[in-house]
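The values are calculated or read from the model by the stated rules, or taken from the named source; none is laboratory data. Given the structure is predicted, the values throughout are model-derived calculations rather than measurements. Positions of Cβ are backbone-derived with ideal geometry, glycine not excepted, and every protein chain shown enters the neighbour counts. Please note that ligands, DNA and RNA were not included when accessible areas were found on the heavy atoms of the full protein model with its side chains. Shrake-Rupley method; radii C 1.70, N 1.55, O 1.52, S 1.80 Å.
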Amino acid sequence: MMDWQKQRSERDARLDAGSRHASGKMVAPESAKALFEAVIRPGDRVCLEGDNQKQADFLAEVLASVDRSRIHDLHIVQSGVVLQAHLDLFERGIARKLDFSYSGPQGAAIARALAAGKIELGAIHTYIELFARYFMDLTPHVALIAAVQADRDGNLYTGPNTEDTPTIVEATAFKSGIVVAQVNEVVDQVSRVDIPGDRVDFIIKSDQPFYVEPLFSLDAAGITENQILMAMMAIKGIYGEYGVRRLNHGIGFPTAAIELLLPTYGEQLGLKGKVATHWALNPHPTLIPAIESGWVEQIHSFGGEVGMEDYISARSDVYFTGHDGTLRSNRLICQTAGLYACDMFIGSTLQIDLAGNSSTVTEGRIAGFGGAPNMGSDVHGRRHPTAAWLKAGREASDGQTTLIRGRKLVVQILETFGEKMKPNFVETLDSVAMAEELKFDLAPVMIYGDDVSHIVTEEGIANLLLCRGPAEREQAIRGVAGFTDVGRARDRKAVEALRQRGVIRRSEDLGIDPLAATRQLLAAHSIEDLVTWSGGLYQPPSKFRNW
């Protein structure tokens, strides 16, 4: 007879072993290590919640301290590998294999660990891609998550930074897995039930609140005049001309400049109410002036942002909030909104090659992709039309008049040179050589060139939708690559011909005087200005307070 209940029986055995270290669902912090050694088995797939911002840091430290003879060869499946404790799992031999999406601050360490054979890489995923595999072939045996509050029945309140938690719990709890939550406090009644208690097996109140990275707090004082010029060209030459209302911004100073120019330069252009009204976006503090000026109608967020809690609660017409007044974020849902319901993604990258392929994997650094490949994907499953989507599709249609499919605007905005004057435009992406060196089956490309519609630099805008063939595409990219080696190798006649056709447009072609691109145009010049715009509701982290 076939046993169809093996997974459930295994779960029961784990629960029984773990219950010896718990009182009901409650586990004392000093018993966390013993709990892990009771419920985790060698070779398990473990999702240790490391999100874009929120980190189950206490559970990470505990997992990194377990007895290697009892727990080893774990397969870590988590979106963000950002803490030192995440790397310690591999350095100490507790974990062996890794499937992830984003590594940001640990990008260099990940590259070194791969080269040293400390990590066996499954794949670098987009967020949605990894979440999807949680329900296919990467279902966690154990999930270690973070929440703000728990009651004694196990109900969790995840707060503004809900992020990945519902997706992780859904995949684990409904496939006979074990869910352990670290919480900031245990209460009689949670503020809002974000995760029902019957999906949570064990709760540990950590000594300190879980760590949240203030990832989207950018000081406007760091925005340069080059970035302001690029932002002006993007607003006039793309936002205005396509009438982009639904969009996502990547992180960085160029997009922060756009947000701070909407209430000033955008107002001068008469674009209020015509562009940038509906967003899939984390709560960017630099968007506060646009919100306060009436530009923004609605924002759905992947996660929260430290210091924005009171502002969000006071602007519930704009943000998605619960009956308790706090933000409800959800990375999977917001990524899906960005994929299917946004007409434009605009963001920065570290390298672009001659075909428009871009990557954040550079020599000695594997930062991962996060959600950019989803946001920057011209999804072929979309069927609803908008004016911006149809206009982009017509430009790319090459004269076809029937069955024209729309196109998502995927805009890469970057200066021609990056940090330490390293060129951002290259003949071949560093990721290609890295893939060969580390024997990857697939070179890590963040956004493929055939999805990219525009490239914006301080030299102008290259509209790749209007290019007819690889040769024109290459010259369009070279034409905005400035004084990099890629830019200096351009065919001047070909570039001038593309400019005459409007494929390449300089600032003067758009009627923009570069001398007008000054910091005086920004609606806010500092974090303090953003606090003032918010009426004191925005409370930035202490490291951003310099007044």
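Quick look at the values:
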{"read-out": "Rounded accessible area per residue of the chain, 1.4 Å, Å²", "value": "40 Å²"}
{"read-out": "Total charge dipole magnitude, the range 24-212, about the Cα centre, Cβ charges on Lys, Arg, Asp, Glu only, Debye to nearest 20", "value": "480 debye"}
{"read-out": "Convex hull of the range 176-273 built on C-alpha atoms - directionally averaged projected area, nm²", "value": "10.9 nm²"}
{"read-out": "Kirkwood-based Rg to Rh ratio, the chain, C-alpha trace", "value": "0.99"}
{"read-out": "Over the chain, relative contact order from alpha-carbon pairs under 8 Å, at least 6 apart, %", "value": "14 percent"}
{"read-out": "Charge dipole (the range 220-527, unit charges on Cβ, about Cα centre) - positive-most of ALA341, ASN374, LEU414", "value": "ALA341"}
{"read-out": "Partner lysines for LYS272 [C-alpha distance under 16 Å; skip if fewer than 8 residues away on the same chain]", "value": "LYS236"}
{"read-out": "Set of lysines near LYS205 by C-alpha distance (under 17 Å), chain-local residues within fewer than 8 positions excluded", "value": "LYS25, LYS33, LYS54"}
{"read-out": "Links that overshoot a 32 Å alpha carbon limit, given the list LYS408/LYS493; LYS175/LYS408; LYS391/LYS439; LYS274/LYS422; LYS391/LYS420", "value": "LYS175/LYS408; LYS391/LYS439; LYS274/LYS422; LYS391/LYS420"}
{"read-out": "Point-charge dipole on Cβ atoms (K/R +1, D/E -1) for the range 220-527, about Cα centre, debye to 20", "value": "820 debye"}
{"read-out": "Summed side-chain charge close to TYR157 - residues other than TYR157 whose Cβ falls under 12 Å, Lys, Arg +1, Asp, Glu -1", "value": "-2"}
{"read-out": "Relative frequency of Cα-Cα separations exceeding 18 Å in the range 130-195, percent", "value": "35 percent"}
{"read-out": "Where LYS543, LYS391, LYS272 fall by accessible area, highest first, once all protein chains stay in place (1.4 Å)", "value": "LYS543, LYS272, LYS391"}
{"read-out": "Among PHE174, ALA123, LEU98 the positive-end extreme of the charge dipole of the chain (Cβ point charges)", "value": "ALA123"}
{"read-out": "Per principal axis, descending, Cα span of the range 1-146 in whole Å", "value": "43, 40, 28"}
{"read-out": "Residues of type aspartates and glutamates that LYS543 reaches as a straight line, Cα spacing below 13 Å, ignoring anything fewer than 8 places off in the same chain", "value": "GLU213, ASP219, GLU528"}
{"read-out": "Neighbourhood charge, 13 Å Cβ-Cβ cut-off, centred on ALA111 and excluding it, Lys, Arg +1 and Asp, Glu -1", "value": "0"}
{"read-out": "THR336, THR416, reordered so the largest accessible area comes first (probe 1.4 Å)", "value": "THR336, THR416"}
{"read-out": "Fraction of accessible area attributable to carbon and sulfur, the chain (%, probe 1.4 Å)", "value": "50 percent"}
{"read-out": "Cut-off 14 Å between beta-carbons: net charge of the residues surrounding ARG8, Lys and Arg +1, Asp and Glu -1", "value": "-1"}
